[in-house]
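Where a number appears in this text, it was derived from the coordinates with a stated rule and is not lab data. Keep in mind that what you see is a predicted model, and the values were worked out from it rather than measured.
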Amino acid sequence: MKTTKRTKSRSDLDGADIILGVTGSIAAYKGVALAREFVSAGASVTVVMTENAGRFVTPLSFQTVTRSAVITSLWAAVDSYDAEHVALAKKADCVVVAPATANIIAKMACGIADDALSCLLMTVKCPVLLAPAMNTGMFLSPAVQRNIKTLLDSGVNFVGPAEGRLADGSVGVGRMSDVVEIVAATRRLFQ
Ligand SMILES: Cc1cc2nc3c(=O)[nH]c(=O)nc-3n(C[C@H](O)[C@H](O)[C@H](O)COP(=O)(O)O)c2cc1C
């Protein structure tokens, strides 16, 4: 039987170790569909949720589609010498945060590490992709625009947000990109 050596540089996601960060946006439920797409593409997916993400979608949904434990706290029991966020950071091929709130964008831009996801994002050396989702006013605010520029300058990748109807019924920019676009942007990280 022919065996193929897996490399860290791949344009398909088969065999990739993807960390999916999920934050407290109304779009958090779409993260479940995204996790399922990554798994279907052959990736191994570990979900790291913020406490506020848990107000919108349960860890059980992610655990079911990824068939892996979901990380919701910095303080969970560790089964290795490294803290979990450090161990995860070492093996990750990329981190995708979808949806990415204004809050996590600000924490990344300012270097705040006060939960499992923000600690992980500060630790990883692999490519990071953010899919922002927020109300138009939030997205266009000087603070968010400044933070996005800071992160772009630091080499963080973005997909979206898109224009369209938002959760509050208004139409504008701020919708999280569709799952298919986030998957395509993730593939581009490996090219
Ligand atoms: C119903 C509801 C919907 C929200 N949707 C968003 C959103 O789409 N984007 C966003 O940036 N914040 C949103 N927020 C605010 C965030 O939940 C809040 O800033 C929170 O602190 C984010 O925490 P996290 O980034 O740690 O998950 C929403 C809040 C509520 C109550």
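Numbers for the structure displayed
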quantity: Largest to smallest principal axis extent of the C-alpha atoms in the stretch 46-144, angstrom; calculated: 43, 27, 23
quantity: Taking the stretch 17-189 and dividing mean pair separation by its residue count, relative contact order in percent (alpha carbons under 8 Å, at least six apart); calculated: 23
quantity: Value of D in µm² per second that Stokes-Einstein yields for the stretch 17-189, Kirkwood Rh from Cα pairs, at 4 °C (1.567 mPa s); calculated: 82
quantity: Tensor-based shape of the stretch 133-181 (alpha-carbon gyration tensor, a/c under 1.5 rounded, otherwise prolate or oblate); calculated: oblate
quantity: Whole-angstrom gap from the stretch 164-191 to the stretch 84-139, using each part's C-alpha centre; calculated: 16
